[in-house]
Amino acid sequence: MGLSDLVYYIIHHEREVFSQLELAWAGVAALAFIALFVIKAPYGRYMESSSFTISPSLGWFIMESPTLFLMPYLYYIGDPVLTSAPLQRILLVLFLVHYVNRTVLQPLFHPNKNAVTPMHILVVALAFIFQLGNTYFIGRGLFTFGNTASDVNSPFFFIGVTLFVIGMVINLWADRHLRWLRNQPGDRYKLPRGGLFDYISCPNYFGETVEWCGYALAAGSTGAWLFELWTVANLLPRAISHHKFYRQKFKGYPPNRKAMIPFLL
């Protein structure tokens, strides 16, 4: 069976092979997790000189854009019974609130844009594919196949939404604090202090992980848990690299401060 035959088969037997596609996507996440401990993704402080770069604001918009065009489309073509349910509508709103901020507002209003390192085109392309995949599995599962064990009256839904909000607040606060530090005079990289920065090096990553864990609890779907798996696979190796960077750069770096999970890791 050639590639075109495989694509044709998947398209015409999507419902039957959806769980196998989810399993394959989880396998790719596991491989990415291992690879990112060996190879640091070339953006931000790990970006080396290259001609294949674009501005960070444009890069962020491109690589996150599938969340804004694909998720509404999957909702639009979904099963009307499912798309009219309160659970699916709330989950759609939560997803879009996060990504409108991340895809549009954050790049648009990012201060001191000239001080931010350009993004490698390869990173943008891979992240675009990553978002296509994750958005597809969440949206298709929720809006067409009804792959959810949750309900708006379930305690897991309320716990999940609460965690989502808490994680988003942590993520927004930490990102804002880091941007403020970057705009202060002196060395671009400074020692963050205060709040969760007194306990972990990367509270922004911790917040995002909590956020999507809450989303997965609220959704009760395999696709949402896959997104949480991918979040950990991407952010945990990078948090550990950041932690090592801080310890090497700043003498007397707080010895009890962990990388991403307070008191643990």
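The values are calculated or read from the model by the stated rules, or taken from the named source; none is laboratory data. Keep in mind the model is a prediction, meaning the values are calculated, not measured. When we count neighbours, we look across all protein chains shown, and the Cβ atoms used for this are built from the backbone with ideal geometry, even at glycine. Accessible surface areas use protein heavy atoms only, side chains included; no ligands, DNA or RNA. Shrake-Rupley method; radii C 1.70, N 1.55, O 1.52, S 1.80 Å.
Residues in the range 181-213 that are open to solvent by less than 10 Å² (accessible area, probe 1.4 Å), under 17 Å from HIS243 (Cα atoms) and assigned to a helix (DSSP H, G or I): PHE197, PRO203, GLY207.
Residue-wise test of (1) within 27 Å of GLY59 (Cα to Cα); (2) in contact with a Ser or Thr (Cβ under 8 Å, 6 or more places away or on another chain); (3) of a type outside the set (Val, Ile, Thr).
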site: ALA127; (1), (2), (3): yes, no, yes
site: GLN131; (1), (2), (3): yes, yes, yes
site: LEU196; (1), (2), (3): no, no, yes
site: GLU211; (1), (2), (3): yes, no, yes
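Being in contact with a helix residue (DSSP H, G or I) (Cβ under 9 Å, 6 or more places away or on another chain) and over 17 Å from VAL93 (Cβ atoms) is not true of PHE157. The set of residues in the range 84-115 that are at pLDDT 75 or above, among the hydrophobic types (A, V, I, L, M, F, W, C) and in a helix (DSSP H, G or I) comprises LEU87, ILE90, LEU91, LEU92, VAL93, LEU94, PHE95, LEU96, VAL97, VAL100, VAL104, LEU105. The set of residues in the range 214-252 being open to solvent by 20 Å² or more (accessible area, probe 1.4 Å) and in a loop (DSSP other than H, G, I, E, B) consists of GLY220, PHE250, LYS251, GLY252.
All conditions in (1) modelled with pLDDT under 95; (2) under 19 Å from the mean Cα position of the chain (by Cα); (3) not basic (Lys, Arg) hold for ILE170, with the sole exception of (1).
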